[in-house]
Ligand SMILES: Cc1cc2nc3c(=O)[nH]c(=O)nc-3n(C[C@H](O)[C@H](O)[C@H](O)COP(=O)(O)OP(=O)(O)OC[C@H]3O[C@@H](n4cnc5c(N)ncnc54)[C@H](O)[C@@H]3O)c2cc1C
């Protein structure tokens, strides 16, 4: 299949002649589609979008692009929030969307093998129809791809109990920036041979090559799930509840915070007028008695600090309604002022209440509304700075830097799941020493001596 669009020139024209058997597009419409992701960063146009259908095509494309010195960026569904899939220097957007098949589910080994372009919810359904479960559940799972979640080491609400993407990756087929095809990892549950390259590549944000196939570990799906919504008069009380729950040995699947600002955009009918913050708690397991016992512990702790009786979902549709409210917050919040910038800091649980209070004060000092919601149970907060006009961006950046400085001062990390990408690159030195960044630079140069793979992301080469 040859490409579509107006006739490319120069190095891209040469590339087209080398990859004439691979699908590509240079039409303005497609280039525009691939110029944005879910960060608020400005559009960055690729010069060509290529849609390989096999590992061989990915390898051939990378070899050709490398020979012509053309930058290349792997792209999943562009739901990323830190600009990871944006083409900072034009070049090739390598879309994995046509490599979207689940190849195998092995019930005895409890493994699933898939191509990187599969949408996460499709993968999760395939696992569940085989009676098994793939826990990673980013709130974008209806559209994000397996490859994108591998490259960002995505988490989600259930990470509190079940961990993040990387905890489930057993092995991968990986194409290096120069087009060499590698197999890393193993297909067995355990294995300690050689360096753990799987966990170097997981979270590498498209800078060390392209994932073309993945084998993940599945687990049995908990049979019982109870979801409840707890309402508190203030964010401080909601955080006190989370801190107490964690300190007293509760092990829920998730504890999700929604603060007063985020709550103001939610039209969920059960929210009382005096509520200033909400925690969505979910307990799961194989025996209803133990799940209810845990939920009862959470209820007792919440009532002790003045929560009203929790709203406990009585069926799947009530459960879905609670989660739908949580999932809509990101989109609804944007409507409040027109623009927002979302961060995903992580704070140690015992400093969470201090962090939330100080972030509020920082917002007031800089005269911005800040909404905080997210995975409070593991300390991963989405702090959203809301603003009305792009002119305000320099002031927003000052506030974001102060939030990052506070995070590091409290022993936290500047990104729990979105990755550094482009938007957090300038903050990396706040958290990591120059020596540590240099070691990572050396590793990257070994994979990509010419610096062509997703240039400008995480750190400059
Ligand atoms: C509404 C909403 C809710 C979200 N909720 C969560 C959440 O709960 N948890 C969370 O972690 N994130 C969340 N995100 C962020 C985002 O969905 C994740 O980062 C996701 O993993 C990105 O997947 P993607 O397929 O869209 O990848 P993209 O955005 O297209 O790419 C992300 C990065 O992965 C690289 N990449 C993509 N595919 C490959 C590949 N095959 N090989 C190598 N590199 C590759 C890209 O170069 C880029 O650096 C949310 C986003 C939205 C819009």
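The values are calculated or read from the model by the stated rules, or taken from the named source; none is laboratory data. What you are looking at is a predicted structure, and each value in this text was computed from that prediction instead of being measured. FYI the Cβ positions are ideal-geometry reconstructions off the backbone, even for glycines, and counts take in every protein chain you see.
Determine, yes or no, whether residue 357 is surrounded by 15 or more Cβ atoms within 10 Å (Cβ to Cβ) and touching a residue at least 60 places away in the same chain (Cβ under 8 Å). When the stated conditions are applied, residue 357 does not pass them. Is one or more of the residues making up region 182-190 under 24 Å from the mean Cα position of the chain (by Cα) and either under 28 Å from residue 81 (Cβ atoms) or at pLDDT below 95 (or both)? So far as region 182-190 goes, yes, one or more of its residues are under 24 Å from the mean Cα position of the chain (by Cα) and either under 28 Å from residue 81 (Cβ atoms) or at pLDDT below 95 (or both).
All conditions but one from (1) within 13 Å of the ligand (Cβ to nearest atom); (2) closer than 20 Å to residue 117 by Cα; (3) part of a loop (DSSP other than H, G, I, E, B) apply to residue 179; the one that does not is (1). Scan region 360-382 for residues that are out of contact with any strand residue (DSSP E or B) (no Cβ under 7 Å at 6 or more places or on another chain) and either without any contact (Cβ under 8 Å) to a residue 12 or more places away in the chain or over 17 Å from residue 236 (Cα atoms) (or both) and the total you get is 5. Can you tell me which residue among 396, 420, 408, 385 is in contact (Cβ under 8 Å) with a residue 24 or more places away in the chain and assigned to a helix (DSSP H, G or I)? The conditions single out 396. Given the criteria crowded, with 24+ Cβ neighbours inside 10 Å and under 23 Å from the mean Cα position of the chain (by Cα), does residue 120 qualify? So residue 120 passes the test.
Considering region 209-223, the residues that are more than 8 Å from the ligand (Cβ to nearest atom) and in a loop (DSSP other than H, G, I, E, B) include one that is surrounded by the most Cβ atoms within 10 Å (Cβ to Cβ), namely 218. Here residue 190 passes the criteria (1) loosely packed, with under 14 Cβ neighbours inside 10 Å; (2) part of a strand (DSSP E or B) except the one numbered (2).
The test for being within 8 Å of the ligand (Cβ to nearest atom) and farther than 24 Å from residue 379 by Cα does not hold for residue 171. Filtering region 125-153 to residues that are farther than 23 Å from residue 380 by Cα, part of a helix (DSSP H, G or I) and in contact with a strand residue (DSSP E or B) (Cβ under 7 Å, 6 or more places away or on another chain) leaves 126, 127. Search region 136-148 for residues being touching a residue at least 40 places away in the same chain (Cβ under 8 Å) and crowded, with 24+ Cβ neighbours inside 10 Å, and hand back the single one that is farthest from the ligand (Cβ to nearest atom). So, considering only residues that are touching a residue at least 40 places away in the same chain (Cβ under 8 Å) and crowded, with 24+ Cβ neighbours inside 10 Å, the one farthest from the ligand (Cβ to nearest atom) is 146.
For residue 122, the conditions (1) assigned to a loop (DSSP other than H, G, I, E, B); (2) within 14 Å of the ligand (Cβ to nearest atom) all hold with the exception of (1). Screening residue 49 with (1) over 18 Å from residue 148 (Cα atoms); (2) in a strand (DSSP E or B) gives one miss only, at (1). Return the residues of region 154-175 that are under 24 Å from residue 291 (Cβ atoms) and in contact with a strand residue (DSSP E or B) (Cβ under 6 Å, 6 or more places away or on another chain); say none if nothing qualifies. If the condition is that a residue be under 24 Å from residue 291 (Cβ atoms) and in contact with a strand residue (DSSP E or B) (Cβ under 6 Å, 6 or more places away or on another chain), then 157, 158, 160, 168 are the ones that fit. Within region 310-340, the set of residues being within 13 Å of the ligand (Cβ to nearest atom), in contact (Cβ under 8 Å) with a residue 60 or more places away in the chain and farther than 20 Å from residue 254 by Cα comprises 332, 333, 340. Hey, does region 33-45 have a residue that's part of a helix (DSSP H, G or I) and more than 16 Å from the ligand (Cβ to nearest atom)? No, the conditions are met nowhere in region 33-45. Between 103, 112, the distinction of being crowded, with 19+ Cβ neighbours inside 10 Å and in a strand (DSSP E or B) belongs to 112 only.
Name the residue that is farthest from residue 413 (Cα to Cα), counting only residues in region 329-346 that are within 17 Å of the chain's Cα centre (by Cα) and crowded, with 20+ Cβ neighbours inside 10 Å. Looking at the filtered set, the residue picked out is 329. Looking only at residues of region 64-84 that are within 14 Å of the ligand (Cβ to nearest atom) and over 15 Å from residue 119 (Cβ atoms), we find that the one that is surrounded by the fewest Cβ atoms within 10 Å (Cβ to Cβ) is 71. Just one of the listed residues (79, 176) is in contact (Cβ under 8 Å) with a residue 24 or more places away in the chain and over 13 Å from the mean Cα position of the chain (by Cα), and it is 176. Return the pair list, or none, for Cβ contacts closer than 9 Å from residues in region 436-447 that are closer than 15 Å to residue 177 by Cβ to residues that are in a helix (DSSP H, G or I), at least 6 apart or on different chains. Within 9 Å, the pairs are 443/200.
Scanning region 159-176 for residues being part of a loop (DSSP other than H, G, I, E, B) and crowded, with 21+ Cβ neighbours inside 10 Å gives a total of 1.
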